[in-house]
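Undergrad: I'd like to ask you about the structure that follows.
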Amino acid sequence: MTMMLEPMMAANAAVFAIKNATTEGQITVIVLLLLSLFSWTIILGKFRQLLIARAATKKFLDAYASTRDPLDIQRTNQEFDGAPAYQLYIRGADELAYQLKNNPVSVAGRVRPVVELPPGVENEHTDILARANLTKISVASFDAVRVTLEEAAGAEAMALEKGMIVLSTAVAGGPFIGLLGTVWGVMSTFASIAENNSASLTTMAPGVAAALVATVTGLLVAIPAMFAYNFMVTTIRGITQELDGFATRYATQIEHVYVDNRPLAEEIKSANEALAGRIVEGLRA
């Protein structure tokens, strides 16, 4: 019975304190309640976003690990909505496809290897893919792809951190706003006692209780925001590190399969052979 009465007494005490609060104290409580509303909106929305991001990222990385050609997922039109790594992948794949279409480098003189692989392992050998691919991009074009990946990684990290400023404000500012309301309320209470020349407990209690409710409200705003902020910052840091690792791995695989890294002498020889072939064709025409 006593345990049931305690919450009721606490609720009644809060109602009594708010009713007897000064205008400044009521304004402080309203500001804190608005901050709490924004804070809980961010907490619920960000919690859902991070849950989706972690689950979708795991599915995407598993799918990507099963391929060797960096463009396989794009070519098969697979989608992993909510995964930051997938958004980075799409940006990089689009830029790579653009460079392959508009600035291709034909690797002439190479013989495409004819290799029969067992079923189910067609994409398991990146070296074979690299040698078989006769259309590549230059190092300069690869720099454009790398810049796109860096921009995408930064944009996804910013998207994950969006709204966290509200939680940090609630954690740092909530108790201080509540303390301001308490100090102001106590100051008003003592000023009223001095004017009325009455220092009885009955006179002081309503004002002090009304002042303390601001501090209580500030703590109720800050404590949930603190736990949520610490959890979300840790989760975001983990996702961001995973994103950076994937960006490095992705760029390395693109360079291995699609970038023309032949020695300069071989490139010059290939260009001369191609020029000679065009001249011969022109003479024959």
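The values are calculated or read from the model by the stated rules, or taken from the named source; none is laboratory data. Model, not experiment: these values are computed from the prediction. Neighbour counts are summed over all protein chains in view; Cβ atoms, including those assigned to glycine, are modelled from backbone coordinates with ideal geometry.
Undergrad: Looking only at segment 23-34, decide whether some residue is surrounded by 14 or more Cβ atoms within 10 Å (Cβ to Cβ), of a type in the set (Asp, Glu), at pLDDT below 90 and part of a helix (DSSP H, G or I).
TA: Checked segment 23-34: at least one residue is surrounded by 14 or more Cβ atoms within 10 Å (Cβ to Cβ), of a type in the set (Asp, Glu), at pLDDT below 90 and part of a helix (DSSP H, G or I).
Residue-wise test of (1) out of contact with any Cys (no Cβ under 8 Å at 6 or more places or on another chain); (2) closer than 30 Å to Asp143 by Cα; (3) at pLDDT 70 or above.
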position: Met226; (1), (2), (3): yes, no, yes
position: Asp244; (1), (2), (3): yes, yes, yes
position: Thr252; (1), (2), (3): yes, yes, yes
position: Val257; (1), (2), (3): yes, yes, yes
position: Ala271; (1), (2), (3): yes, yes, no
position: Glu281; (1), (2), (3): yes, no, no
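Undergrad: Working only within segment 62-75, note down all residues that are surrounded by fewer than 19 Cβ atoms within 10 Å (Cβ to Cβ), in a helix (DSSP H, G or I) and of a type outside the set (S, T, N, Q).
TA: Answer for segment 62-75, where residues must be surrounded by fewer than 19 Cβ atoms within 10 Å (Cβ to Cβ), in a helix (DSSP H, G or I) and of a type outside the set (S, T, N, Q): Asp62, Ala63, Ala65, Asp72, Arg75.
Undergrad: Please determine whether any residue of segment 112-122 is in a helix (DSSP H, G or I), surrounded by 13 or more Cβ atoms within 10 Å (Cβ to Cβ) and either modelled with pLDDT under 60 or of a type in the set (Lys, Arg) (or both).
TA: No, every residue in segment 112-122 fails to be in a helix (DSSP H, G or I), surrounded by 13 or more Cβ atoms within 10 Å (Cβ to Cβ) and either modelled with pLDDT under 60 or of a type in the set (Lys, Arg) (or both).
Undergrad: Contact list please: Cβ distance under 8 Å, first residue in segment 172-189 and farther than 21 Å from Ile223 by Cα, second residue modelled with pLDDT of 80 or more and of a type in the set (Val, Ile, Thr), pairs at least six apart or on different chains.
TA: Listed by first residue and then by second, the contacts come to Trp184/Thr28.
Undergrad: Here is a further query. Here are the criteria: (1) surrounded by fewer than 17 Cβ atoms within 10 Å (Cβ to Cβ); (2) under 30 Å from Pro175 (Cα atoms); (3) touching a helix residue (DSSP H, G or I) at 6+ places or on another chain (Cβ under 8 Å); (4) not small (Gly, Ala, Ser). Tell me which single one Leu44 does not satisfy.
TA: Of (1) surrounded by fewer than 17 Cβ atoms within 10 Å (Cβ to Cβ); (2) under 30 Å from Pro175 (Cα atoms); (3) touching a helix residue (DSSP H, G or I) at 6+ places or on another chain (Cβ under 8 Å); (4) not small (Gly, Ala, Ser), only one is false for Leu44: (3).
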